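Just so it is clear, none of the values below were taken in a lab; they were calculated from the coordinates. Since this is a predicted model, take the numbers as computed values, not measurements. Neighbour counts run over all protein chains shown; Cβ positions are idealised from the backbone, glycine included.
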Amino acid sequence: MSANPRMVEVRAKVLKQNDFLAHSLRDQFRANGVYVISLVSSPGSGKTAFLEKLLSRIGADHRVAALVGDLATENDAARLQRAASQVKQITTGTICHLDAQMVQKALESWRLDELDFLFIENVGNLVCPSSYDLGEDLRLVLLSATEGEDKPLKYPTIFNSSDAAVITKMDMAHAAEFDLATARRNIEGVRPGMKIFEVSSKIGTGMDDVVAYLLAQREASRTSALQQVAVQE
Amino acid sequence: MHELSIAISMIDQITEESDRRGGLQVEAVHLKLGVFSGVDKDALSFAYHLACEGTPLQGSRLVIETIPLVIYCPSCKVERTPDSIYQLCCPQCQTPSQDIIRGREIEVAAFEVAA
């Protein structure tokens, strides 16, 4: 080591490459009029069951597609194929999260202009996905009633980086002695003002609210995009 | 554990920066890491030293500056650090705030090279 080291200022975001790609994906999604929603949660919280229901509900009168990330197996894609025509599995191998490059690569052969909604199911993990922007318009974080109410406190950054929370498996809340008020308070603590839904994918309760919310969010995003175009013209 | 991916991104970035300046011998890297970045400091240090092996950064030190969480309180109209990262609210007036000013950084601030 030298006696008088020299400092070189850099000030660069470590994930700037990912952020740059995510921005270009977002521009591409906007230009093609596709609204993109990502789902994050721990493994086994019911992401795929929830997504299956969403795809068939929204898919009834919109063009929907899904990308699903997993470390291994194509089981989730096979399940979702029943509910949407375009489904692709991204197997990440040992990588615990999706990044913008994986999304870009997976979408290479897709016609985005033929879609209204694209859902991206991240790898089941409440830590790593929080740092990676995928170019999505909206990030949903899922928490199942069987996991316990303190998950938001254990993983504050993923809850904070999400736009809305969905509490799943509400049909099992009573059996699991799930304390809903505490769960809601914990979510509010780490992400003030967050919209929270309570659903049972199995029975179907609460799904109407989620679907209405997502449709309204897409409408709002389209309106603001059109206004921006009008201003530019 | 995405700290290894983060470490590899860092090494690529610093190698590129030092190459651009004519291939400098980097002795230490200074990183700003927010408490709300989702990256664990110890895991990142561990991953960094592993990932440096066989690269021009082998043997370099990683100096991590922890950046506290700072939110903007809409009631007091000032920036404040919450008492806990589990309650994003003003420590004075308890108003919740999602307006995060600092605490999410994963940023290479500088590196040290042999003079």
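Starting from the Cα of B:Glu17, step 7 Å toward the Cβ, then list every residue of segment B:92-115 with an amide N under 19 Å from that point.
B:103-115
Which of the trypsin sites (Lys or Arg not before Pro) found in segment A:46-123 are loop residues per DSSP with 13 or fewer other Cβ atoms within 10 Å of their Cβ?
For trypsin sites (Lys or Arg not before Pro) across segment A:46-123 that sit outside H, G, I, E and B with at most 13 neighbouring Cβ atoms in 10 Å, the list reads A:Arg82, A:Arg111.
Put a dot 7 Å past each Cα toward the Cβ at A:Gln227 and A:Gln101; how far apart are the dots in nm?
3.8
What order do you get for A:132-138, B:86-92 when each peptide is scored by the mean count of other beta carbon atoms within 10 Å, highest first?
A:132-138, B:86-92
Please compute the Kirkwood hydrodynamic radius of chain A from all pairs of different C-alpha atoms, in Å with one decimal.
By the Kirkwood definition, the hydrodynamic radius is 18.7 Å.
What shape does segment A:19-115 have by the C-alpha gyration tensor, where a ≥ b ≥ c are the square roots of the eigenvalues, rounded means a/c under 1.5, and otherwise prolate means a/b greater than b/c and oblate the rest?
oblate
To the nearest whole number, what is the average tally of beta carbon atoms from other chains within 10 Å of the beta carbons of peptide A:218-228?
Partner Cβ neighbours, averaged per residue: 0.
Once both axes come from the Cα atoms, what is the angle between helix B:41-52 and the longest principal axis of chain B, in degrees from 0 to 90, rounded to 10?
Computed tilt is about 20 degrees.
With a Förster radius of 30 Å, plug the Cβ-Cβ distance of A:Arg6 and B:Ile64 into 1/(1 + (r/R0)^6) and report the FRET value to the nearest 0.05.
Step by step, r from the Cβ atoms, then E = 0.90.
Taking 35 Å as R0, compute the FRET efficiency from the Cβ-Cβ separation of A:Met172 and A:Lys16 and round it to 0.05.
The calculated FRET efficiency here is 0.25.
Under 21 Å between C-alpha atoms is the cut-off here; go through chain A and count lysine pairs that meet it, provided they're at least eight residues apart or on different chains.
Counting lysine pairs in chain A gives 18.
Compute the long axis of helix B:3-20 from its Cα atoms, compare it with the longest principal axis of the Cα atoms of chain B, and write down the angle in degrees, 0 to 90, nearest 10.
Taking the Cα atoms of chain B, the angle to B:3-20 is about 60 degrees.
What is the distance in Å between the Cα centres of segment B:1-52 and segment B:75-115?
The two parts, judged by their Cα centres, are 22 Å apart.
Can you give the calculated 222 nm mean residue ellipticity of chain A, where each DSSP H run of n ≥ 4 adds -39,500 (n - 2.57) and the sum is split over every residue, rounded to the nearest 500 deg cm²/dmol?
Value at 222 nm, helices only: -11500 deg cm²/dmol.
Does segment A:9-50 come out rounded, prolate or oblate by the C-alpha gyration tensor, with a ≥ b ≥ c the root eigenvalues, rounded set by a/c under 1.5 and, if not, prolate when a/b is larger than b/c and oblate if not? Don't skip to the end; give the middle numbers.
Details: a/c = 5.94, a/b = 1.41, b/c = 4.23.
Oblate, because a/c is 1.5 or more while a/b does not exceed b/c.
Give the percent of DSSP beta bridges with both residues in the protein assembly as shown that are antiparallel, rounded to the nearest 5.
Here the share of antiparallel DSSP bridges comes out near 35 percent.
A:Lys195 to B:Gln25: FRET efficiency via 1/(1 + (r/R0)^6), r the Cβ-Cβ distance, R0 41 Å, to the nearest 0.05?
Working: r = 52 Å, r/R0 = 1.26.
Efficiency computed from Cβ-Cβ geometry: 0.20.
Quick one: check the C-alpha center-to-center distance for segment A:47-93 versus segment A:186-233, whole angstrom.
Cα centroid of segment A:47-93 versus Cα centroid of segment A:186-233: 20 Å apart.
Hey, what number do you get for chain B at 222 nm if only DSSP H runs of n ≥ 4 count, each worth -39500 (n - 2.57), divided across all residues, to the nearest 500?
Details: 2 runs with 30 residues, N = 115.
Value at 222 nm, helices only: -8500 deg cm²/dmol.
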